[in-house]
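> Sharing a structure with you now.
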Amino acid sequence: MLCRALSLCVAALILLCNPVAALAQQPDYLASVPYPNFIRVAIRADRPGGTPDPAGRILYVTRVDFHEYIRDALPNEWFPSWHPNSLQAGALAVKMFGWYHTLHPTTLDGFTFDVDNTTNFQMYDPGHRSVDSEAAVDAALPLAFVEPDGRIVDINYRAGYQGGPNPEYRNENMMSQWGSQYLAEVERRNVLGIMQYYYRGRVIVRVPGR
């Protein structure tokens, strides 16, 4: 309970000390898009070493609370020790990736699902949360990162490399995870500055009713 309260306080500080800049006006289109209560995750067979195999057979599909999914995916995609602005950019990317795929499900081998638990989509492996990753998710939950008209479009990211912003990823409309850390820690960019560096033209808005 104490860790939960602390994470909420840290989330509030992230927004107060590192504002995402003025939120864009909420587009009408976004209000018509269903907000996911859950996400269907296909669980694949593990490799011999015990990690989920992207080429493994699908064992089953489980329904996971959408917010819990974000909490369990983020620490597997972004280092929880990274700068809070990088983590929050990661939380927004993880959230919007999941949201987009709930609107565009996949049917494969007789299973219908939104994402699987491997790097085919986003690594989903519960049990690795931290105070800092929780705070980043809490700060991102009321927000959406969308086209100016409110459309939710596919959002992708890759690891990239250390020591720079990875500008070549901008041409692919893709965020570099290491680049987000560089932009936050070295260039001191806020969340909006990081997101718009890679996904030009998109805006951060508040999710209707959140």
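The values are calculated or read from the model by the stated rules, or taken from the named source; none is laboratory data. Small disclaimer: the values here were computed from a predicted structure and weren't measured. Every residue, glycine among them, receives a Cβ derived from its backbone with ideal geometry; neighbour counts consider all protein chains shown.
> Within the set of pairs 6 or more residues apart or between chains, which connect a residue that is in contact (Cβ under 8 Å) with a residue 12 or more places away in the chain inside region 28-40 to a residue that is of a type in the set (S, T, N, Q) and not in a loop (DSSP other than H, G, I, E, B) with Cβ atoms less than 8 Å apart?
As it stands, the answer is P36/T102; I39/T102; R40/T62; R40/T102; R40/T112, since those pairs meet every condition given.
> Can you name the condition, by its number, that D125 falls short on among (1) at pLDDT 95 or above; (2) more than 13 Å from the chain's Cα centre (by Cα); (3) surrounded by fewer than 17 Cβ atoms within 10 Å (Cβ to Cβ)?
All conditions pass for D125, except number (1).
> Restricting region 150-194 to residues that are among the polar types (S, T, N, Q) and farther than 17 Å from I70 by Cα, which is modelled with the lowest pLDDT? Explain how you work it out, then say what you get.
Initially, region 150-194 is screened for residues among the polar types (S, T, N, Q), giving 156, 162, 166, 171, 173, 176-177, 180-181, 190.
Okay, now just the ones that are also farther than 17 Å from I70 by Cα, so 162, 166, 171, 173, 176, 180-181, 190.
Working: Q162: 97, N166: 97, N171: 81, N173: 85, S176: 98, S180: 98, Q181: 98, N190: 96.
So, considering only residues that are among the polar types (S, T, N, Q) and farther than 17 Å from I70 by Cα, the one modelled with the lowest pLDDT is N171.
This table checks each residue for (1) of a type outside the set (A, V, I, L, M); (2) in contact with a Pro (Cβ under 9 Å, 6 or more places away or on another chain); (3) part of a loop (DSSP other than H, G, I, E, B).
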{"position": "D149", "(1), (2), (3)": "yes, yes, yes"}
{"position": "Y161", "(1), (2), (3)": "yes, no, yes"}
{"position": "Y169", "(1), (2), (3)": "yes, no, no"}
{"position": "R200", "(1), (2), (3)": "yes, no, yes"}
{"position": "V205", "(1), (2), (3)": "no, yes, no"}
{"position": "G209", "(1), (2), (3)": "yes, no, yes"}
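> Working only within region 180-194, note down all residues that are over 14 Å from G90 (Cβ atoms) and basic (K, R).
Scanning region 180-194 gives a single hit, R188.
> Show the residue pairs meeting these rules: Cβ distance below 7 Å; 6+ apart or different chains; first residue within region 174-188 and under 11 Å from L87 (Cβ atoms) and touching a residue at least 40 places away in the same chain (Cβ under 8 Å); second residue surrounded by fewer than 18 Cβ atoms within 10 Å (Cβ to Cβ) and small (G, A, S).
Q177/A159
> A further question follows. Kindly provide the set of residues from region 51-69 that are among the aliphatic types (A, V, I, L, M) and over 12 Å from F113 (Cβ atoms), ordered by number. Break it down stepwise before answering.
Within region 51-69, the first condition is being among the aliphatic types (A, V, I, L, M), and the residues that meet it are 55, 58-59, 61, 64.
Listed by number, the list holds a single entry, A55.
> Under 7 Å by Cβ, and 6 or more places apart or on different chains, what pairs join a residue from region 150-172 that is under 21 Å from G98 (Cβ atoms) with one that is among the β-branched types (V, I, T) and part of a loop (DSSP other than H, G, I, E, B)?
Pairs found: I152/V33.
> Looking at L92, L108, L103 in this structure, which one is aliphatic (A, V, I, L, M) and either surrounded by 23 or more Cβ atoms within 10 Å (Cβ to Cβ) or in contact with a His (Cβ under 9 Å, 6 or more places away or on another chain) (or both)? Please lay out each step first, then the result.
Details: L108 fails: either surrounded by 23 or more Cβ atoms within 10 Å (Cβ to Cβ) or in contact with a His (Cβ under 9 Å, 6 or more places away or on another chain) (or both); L103 fails: either surrounded by 23 or more Cβ atoms within 10 Å (Cβ to Cβ) or in contact with a His (Cβ under 9 Å, 6 or more places away or on another chain) (or both).
Of L92, L108, L103, the one residue that is aliphatic (A, V, I, L, M) and either surrounded by 23 or more Cβ atoms within 10 Å (Cβ to Cβ) or in contact with a His (Cβ under 9 Å, 6 or more places away or on another chain) (or both) is L92.
> E147 fails exactly one of the following numbered conditions: (1) more than 28 Å from Y35 (Cβ to Cβ); (2) at pLDDT below 95; (3) in contact with a Gly (Cβ under 9 Å, 6 or more places away or on another chain). What is the number of that condition?
(1)
> For region 161-193, which residues satisfy the criterion of being at positive phi and surrounded by 21 or more Cβ atoms within 10 Å (Cβ to Cβ)?
If the condition is that a residue be at positive phi and surrounded by 21 or more Cβ atoms within 10 Å (Cβ to Cβ), then N166 is the only one that fits.
> Oh, and also: Scan region 97-123 residue by residue and report those that are out of contact with any helix residue (DSSP H, G or I) (no Cβ under 9 Å at 6 or more places or on another chain) and under 24 Å from V203 (Cα atoms).
Within region 97-123, Y100, H101, L103, H104 qualify.
> Sticking with this structure for a sec: Report the residue count in region 130-147 for those that are of a type in the set (V, I, T), under 22 Å from V115 (Cβ atoms) and either part of a helix (DSSP H, G or I) or free of Cβ contacts under 8 Å to residues at least 24 places away in the same chain (or both). Please lay out each step first, then the result.
Here is the first cut: in region 130-147, the ones of a type in the set (V, I, T) are 131, 137, 146.
When the remaining residues are screened for being under 22 Å from V115 (Cβ atoms), the result is 137, 146.
Add one more test, that the residue is either part of a helix (DSSP H, G or I) or free of Cβ contacts under 8 Å to residues at least 24 places away in the same chain (or both), and what stays is 137.
Residues in region 130-147 being of a type in the set (V, I, T), under 22 Å from V115 (Cβ atoms) and either part of a helix (DSSP H, G or I) or free of Cβ contacts under 8 Å to residues at least 24 places away in the same chain (or both): 1 in total.
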